[in-house]
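Here the structure comes first, spelled out in structure tokens, and everything after it is commentary.
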DNA sequence: CTGTATCCTAGTTGATACTG
DNA sequence: CAGTATCAACTAGGATACAG
């Protein structure tokens, strides 16, 4: 994430507490909205999985990104990582209660998107097929 | 967004309809989670504003990014752009009903973050202050 | 098996300057 | 005022090779 640090907001005179919250909100939102997190969480929602299984089920992810995504989720306490001291190694990832809770909160947004995806697609098409017309202006008097 | 196009999922044999939905969900999530959209929507939630006003109220955003963010939101039908044919030009941006609706859906997530931010911060601290211990392994038998 | 290290490219952002 | 154009960082992501 390239996201601005609190300093940017702070220097505008915003209260520190509020800054921290805004920052964290965006941080979480950004993580959920990033390229792989949502898919990973969704896949994990059906049950614990080991690294390789995740690598297969999260379509198209690279080892690098999977590892990175899982570490971020683990760090936030959304996912547990359990390594069994065997050889070859076995590591299982699972959603924590907090992770499941987030997953449910995200579901709200997912449902919103589902129920409004028609509108969005329509709006985009309309917008894209208006090359000349540009944005109309209607003087309100 | 660098996000993968449907092809990546499709080539794994996922149903086209589902792919499109997943893609759009992540697309919307990514937009909401990006560096500026959430702030912009939040600011617009209190009422219509013109370009310069937004530029001032969305702390730290550049003209380029503001313009870009607003166009994306307008394209999706989340924001209206009204240009008054005056000189100097005046352009007002406002949330559409769809935009407000999204804003409310996002609020759910925002509240989740607010009520769990303590946990998250705690988890991060704990994770970061465990340099040696690494992830513990508990053989279950 | 489960990662990490390295390299490389493509996309994203910010600063700056300029236009209608 | 409300943007767009251009350029220079910067970053994220994939591929590959390697390690524990």
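Read the figures in this text as sums done on the coordinates, not as results from a lab. Because the structure is a prediction, the values reported are computed rather than measured. Glycine also receives a Cβ, built like all others from the backbone with ideal geometry; neighbour counts cover every protein chain displayed.
For the segment A:29-40, counting C-beta atoms of other chains within 10 Å of every residue's C-beta and taking the mean gives 6. Starting from the Cα gyration tensor of segment A:30-136, take the square roots of the eigenvalues, sort them a ≥ b ≥ c, and report rounded, prolate or oblate (rounded when a/c is under 1.5, otherwise prolate if a/b is larger than b/c, else oblate). Prolate. In nanometres and ascending order, the distances from the residue A:52 label point to those of the other copies are 6.4 (point 7 Å from Cα along Cα→Cβ).
Here is how far apart the residue A:127 label points are across copies: 3.3 nm, shortest first, using a point 7 Å from Cα toward Cβ. For the peptide A:117-129, the mean number of other protein chain Cβ atoms found within 10 angstrom of a residue's Cβ is 4. Closest approach of any chain B Cβ to the axis that rotates B onto A belongs to B:33, 2, distance given in whole Å. Here the spin labels are modelled as points 7 Å beyond Cα on the Cα-Cβ line, and at residue A:57 and residue B:67 they lie 4.6 nm apart. Relative to the other identical copies, residue B:114 shows label-point distances of 2.7 nm, where the label point lies 7 Å from Cα along the Cβ direction and values run shortest first.
So if R0 is 45 Å, what FRET efficiency would residue A:86 and residue A:18 give, r being the distance between their Cβ atoms, rounded to the nearest 0.05? FRET efficiency, residue A:86 to residue A:18: 0.40. With a 10 Å cut-off around each Cβ of A:56-64, the average count of Cβ atoms from other chains is 2.
So how do B:82-93, B:20-31 stack up, highest first, on mean other-Cβ count within 10 Å?
B:20-31, B:82-93
Considering the zone a paramagnetic label at residue A:111 would reach in this model (a point 7 Å from Cα along the Cα-to-Cβ line), which residues of segment A:15-46 have amide N under 18 Å from it? So the set is A:42.
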